[in-house]
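Some notes on the structure that comes next.
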Amino acid sequence: MSLEGSMRNYLESVGLREICLKMESHGFNQISDILSMDDEDLAVAIPDEESKMKFKTVLHQDVRLVKIWLDSLGLGQYYDQFQASGLKSLARCSGLSLRSLDSVVFNLPGHKKRVFREGLAYLKLMLDSFLSAQSLLGYGTVVAEGAWEEHEQLRGGKFGKFLCLTADIFARDPQETRNNPNEGAAAVPHRRVKFMVDSGSDMVTLHYDIIKELQLPVKGCAKQEVPGGQTRELPLYSACLGIGRKMLNIQIVPDSVSTVGTPVLWEFRHRIDGEKHVWLAKAGEFDIKP
């Protein structure tokens, strides 16, 4: 599909054919129009909440949109370098810092600053797209709350504030102990961990020391992309993640920073503003029944 093609072709390619007519009827005919849309546009063009969330997920993750974004800045020549540096989605680009751009060799310093400015602007646009004047009523039960915080595993918090969530990691599902009356949940090895939220990642990572402390079992191996387009194999561990009342059996990759990516994010609904990140149960989950 050409990056200069129609919005219809693009939406069909990502499985959102049902919203084509609505988008076109509101004048969003070209793929590049995606970058000009705000939450008000989405509310009118995509009234269905499920389709809207899927569209936002595509907006965050589709590698092709990085090329559109760079072209809109007049800097499309840097696309290959962005890809080689691991900046493969708008979600990754939206959180750029000047230091994180050091892996991209810019011909002129003004180009680097232009990307930096627009990266921050797009971050604000994405965050605003999760907000509305509506209350949380009807969006599900609040399961947990995160916040914008410094993460000590990122060089002692020197990189500024990120969306973070504190949750519990168990060596195995503590609910399984219900079959053994002599063993309670507290007996299962566990640790309270501050995670950085990484919507541009498709994995969950945990600091090496915590994996060793909990003696997590190895379940296989995972391939991870690294700068330069290379891949490396890492051990894949199994564990149970407790976020509020919700327990998730997950697979973990070791890293120097503990993060939660899309495998966890997709299990919840989310509300984000300038102070906090509210994790909501999906519709019908944890509802109080009469």
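Key figures for this structure:
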read-out: Accessible area of the stretch 187-284 belonging to carbon and sulfur atoms, whole % at 1.4 Å probe; value: 47 percent
read-out: Per-residue HN-Hα couplings for the stretch 201-213 [Karplus 6.51, -1.76, 1.60; θ = phi - 60°; Hz; x = Gly/Pro]; value: 10, 9, 8, 10, 10, 9, 4, 3, 5, 6, 4, 5, 4
read-out: Local electrostatic count, residue 85, Cβ distance below 10 Å [Lys/Arg +1, Asp/Glu -1]; value: 0
read-out: In order through the stretch 195-200: 3J(HN,Hα) via Karplus (6.51 cos²θ - 1.76 cosθ + 1.60), integer Hz, x for Gly, Pro; value: 9, 8, 7, 10, 6, x
read-out: Residue-normalised accessible area of the stretch 142-280, given per residue in Å² at a 1.4 Å probe; value: 53 Å²
read-out: For the stretch 21-27, Karplus couplings with θ = phi - 60° (6.51, -1.76, 1.60), whole Hz, Gly/Pro x; value: 4, 4, 5, 5, 5, 9, x
read-out: Under-5 Å amide H pairs with residue 270, H placed in peptide plane, nonlocal only; value: 280
read-out: Probe 1.4 Å - accessible area at residue 233, Å² to nearest ten; value: 120 Å²
read-out: Cα-centred dipole magnitude for the stretch 142-280, charges only on beta-carbon of K, R (+1) and D, E (-1), debye, nearest 20; value: 80 debye
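The values are calculated or read from the model by the stated rules, or taken from the named source; none is laboratory data. Note that the coordinates shown come from a computational prediction; the quantities given were computed from them, not determined experimentally. Heads up, the Cβs are rebuilt from the backbone with ideal geometry, glycines too, and the neighbour counts pull from every protein chain shown. For the accessible areas, the whole protein counts, side chains as well, though only heavy atoms, and no ligand, DNA or RNA atoms are used. Shrake-Rupley method; radii C 1.70, N 1.55, O 1.52, S 1.80 Å.
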